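This report concerns only the one structure given below.
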Amino acid sequence: MKVAGRHGMQSVLSARLAVHRSIGVRGFASSVLCGVPQTYIEKVVQKYAVDWDPSVKVQSGDYVSIQPATVMTHDNTGPVISKFRSIGASSIRNKEQVVFTLDHDVQNKSTKNLEKYSKIEKFAREQGVDFYPAGRGIGHQILVEEGYAFPETLVVASDSHSNMYGGVGAVGTPIVRTDAAAIWATGKTWWQIPPMIKVELTGALRPGVTGKDVIVALCGYFNHDEVLNGAIEFTGSGVSALTVDERLAISNMTTEWGALAGVFPVDDTTLTWYEQLLRKHDKLYLNIGSAPKRSDTHPRLNWSRLAQLEKQRLSSDADASYTKHLRLDLSTLSPHVSGPNSVKVSTPLTELEQQNIAIHKAYLVSCVNSRASDIAAAAAVLRGRKVAPGVEFYLGAASSLAQKEAEASGDWGALLAAGARPLPAGCGPCIGLGVGLLQDGEVGISATNRNYKGRMGSPNALAYLASPAVVAASAAKGRICAPDSLDTSSRSESVSPTFDVVDQPQKKVVSDASSSSGGTQLDPAFPTSFSGSLIFAPQDNLNTDALYPGKYTYQDDITPTKQAEVVMENYDPNFAQVVAEERKRLQSSATDPQSQAGVVLVSGYNFGTGSSREQAATALKYAGIPVVLAGSFSDVFKRNAINNGLICLQCPELVEDLTLAYGKDQVRNQGGNQPGEISVLLQDTDLHLDSATGKVQLRKPDGRVANYTTRPAGIGRSIQEIYVAGGMENWVAERL
């Protein structure tokens, strides 16, 4: 390994563990192997834990150094290369661990993008790592098809939809770009094992109801952060009847549900699917003469590995511990549609049909629902028919292999004959890139996984999510509707499914040492306090597409100034200008050199949900917002924020008080009190945050003062060090 200062790199990992200890959660556990039950996820993590006492079982809440089987980066590989080099590394430690897939901006044939792709490919060849070029498909699908994501493995990727690997029994979870660079250099990173959540699926789906309907319903009915930052294990009698493709779709969108992993058990359905996949590989990759079959020679997908898996299947212990137990009866579920513009809103299809919602565009693309089986479902609806006049229907396979299979079956041709417009295998309109994006005032229905405002085009458009068959039927009729073939019972009976929270124990309140010891010790170079005006975004689930639009995410040369100019563009187009003007005012009146003046952003719950793009955090920082206070945060966003020196603290009591005072109708998600108000600038209200104690004082125009305390109560020392250094990259570089 050609890395400067290996000891320094190890200390980096130790310090990064300390970072998260300092934000108010427990450290290493001491559960001895003997007699301590584990969940399936905990058992898989145990296999990949390094620098860990083998006599101790890992448990939820533990911080562990992990050496994942695979780490994948995609179009964001370029920035990861820069981070890798900036921390003093030159050679990837474990070349078999690293995979590059180009999939997001594959329609972009500009010189700049082609040069970027060429540089990534050149780096891959220099380092000797596996590389999949544009057109081969979406990275998540490739990792499943090529056996990188395999049952009982731990797989990470610098992309939020890494959860998808749980559909085949792998523990897939997202990391951020700085983490990816650390894994390249050292082979490992850190992870705090999330709370374990059991989601029990009972009964069986009726004809015409799909895995997509399952996850759309789960997101919509359990929509109060029940699974936020947790790791889900799917169990119950209903699991066995779900196909692996349906499981992949469900696991994929556990990301939108708020979880960090969504894992299905390894059962006979899984093993049968792998047997079919091996035979499919042999058929699609024709061997000549006496050449060995692909299934005999593939480094990861071969009969020997499958036989070993069948003999040694892991499963959760009967008395394993879960923090929550949710249940959904699949037999009561009907087709559902998500939206508009929110995965937290789920409506039975029968209700939406009655609204006669006309559409302009339909999409069968993305990693969640563009496999061969999905294309077949859409073709069954559209075969012999035409896309309605005035509707554009876009078709892109999840991978080139999925497209080959669909072409061989005739399903691809049937959709083209119906009027579908083909796109290369890749992300495309799902991420808001390429042709076919939603324009102002348009309505779209999509088989993708996200319908956040502005993600698929204009923030003034409406986006709905549904299964491939419903998307195809809607494209044919020009309005949101069910396929004509949908079973009558599936269409009309039990419109509202049966679901419940079986067990939800009270959360343990962990006391924070800083509150009892007089406060956290401050780094001499760290601000003693943060003060200034407050801007309130009365919105829960404020997602990364709202914070930083996807169309800018893969433009690697965007400057900090430009990031600041487009921050929150999809949520509030005036946000950046308002913050910039307020920042100038505060700088001109700042008097205390030890206090950091700035605009403090306060928002609702699950702040930063969505993708793993780090610009969602950096754009806020560059705009002059040093601190975000929220009811709760997406763990991936918080990880990005810490790595980039943006302070994030929970203060739910402040959020609730501001909601009552400034939220329209005293609730969130409807803007502010004033007509047309989206964000609320409290210019005459002064906020003061004490860095050591987490005490917040809100001084109002009439002189009254409201007092709050953040969670944790104070800013941890490790976070201070990263802030002072200007981010994790600089922090690491200083220690190498």
**Prompt:** Do we have any residue at all in region 353-365 that's under 15 Å from Ser467 (Cβ atoms), surrounded by fewer than 23 Cβ atoms within 10 Å (Cβ to Cβ) and not aromatic (Phe, Trp, Tyr)?
**Reply:** yes
**Request:** Please specify each residue of region 614-659 satisfying the condition of being of a type in the set (A, V, I, L, M, F, W, C) and part of a loop (DSSP other than H, G, I, E, B).
**Result:** Ala623, Ile625, Leu646, Cys651
**Asked** Restricting attention to region 335-390, and to residues there that are hydroxyl-bearing (Ser, Thr, Tyr) and part of a loop (DSSP other than H, G, I, E, B), which single residue is nearest to Asn541 (Cα to Cα)?
**Response** Ser342
**Asked** If you take the residues of region 560-613 that are assigned to a helix (DSSP H, G or I) and of a type in the set (Val, Ile, Thr), which of them is surrounded by the fewest Cβ atoms within 10 Å (Cβ to Cβ)?
**Response** Thr561
**Item:** Failed item in (1) in a helix (DSSP H, G or I); (2) polar (S, T, N, Q); (3) more than 21 Å from the chain's Cα centre (by Cα), with Gln107 passing the rest
**Value:** (1)
**Prompt:** Do any residues in region 171-197 that are of a type in the set (Phe, Trp, Tyr) and modelled with pLDDT under 95 have Cβ atoms under 8 Å from those of residues that are surrounded by fewer than 24 Cβ atoms within 10 Å (Cβ to Cβ) and outside any loop (DSSP other than H, G, I, E, B), where the two are at least six apart or on different chains, and which pairs are they?
**Reply:** Trp190/Leu13; Trp190/Leu17; Trp190/His20; Trp190/Tyr63; Trp190/Val64; Trp190/Ser65; Trp191/Tyr63; Trp191/Val64
**Item:** Residue satisfying all of: in region 95-124; over 14 Å from Gly78 (Cβ atoms) and in contact with a strand residue (DSSP E or B) (Cβ under 7 Å, 6 or more places away or on another chain); surrounded by the fewest Cβ atoms within 10 Å (Cβ to Cβ) among these
**Value:** Gln97
**Item:** Residue among Pro292, Pro265 that alone is at negative phi, out of contact with any Asp or Glu (no Cβ under 8 Å at 6 or more places or on another chain) and part of a loop (DSSP other than H, G, I, E, B)
**Value:** Pro292
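Quick one: would you say Tyr552 is at pLDDT 95 or above, surrounded by fewer than 24 Cβ atoms within 10 Å (Cβ to Cβ) and either outside any helix (DSSP H, G or I) or not acidic (Asp, Glu) (or both)?
no
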**Message:** Looking at the structure I just gave you, is Leu154 modelled with pLDDT of 95 or more and out of contact with any Lys or Arg (no Cβ under 8 Å at 6 or more places or on another chain)?
**Reply:** no
**Prompt:** Does at least one position in region 536-548 carry a residue that is of a type outside the set (S, T, N, Q) and either part of a strand (DSSP E or B) or surrounded by fewer than 22 Cβ atoms within 10 Å (Cβ to Cβ) (or both)?
**Reply:** yes
**Request:** Collect the residues in region 679-697 that are of a type in the set (Val, Ile, Thr) and touching a helix residue (DSSP H, G or I) at 6+ places or on another chain (Cβ under 8 Å), keeping them in residue-number order.
**Result:** Val680, Thr693, Val696
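The values are calculated or read from the model by the stated rules, or taken from the named source; none is laboratory data. The shown structure was predicted, so the numbers you read here are calculated from the model rather than taken from an experiment. Don't worry about glycine lacking a Cβ; one is built from the backbone with ideal geometry, like all the others, and counts go over all protein chains shown.
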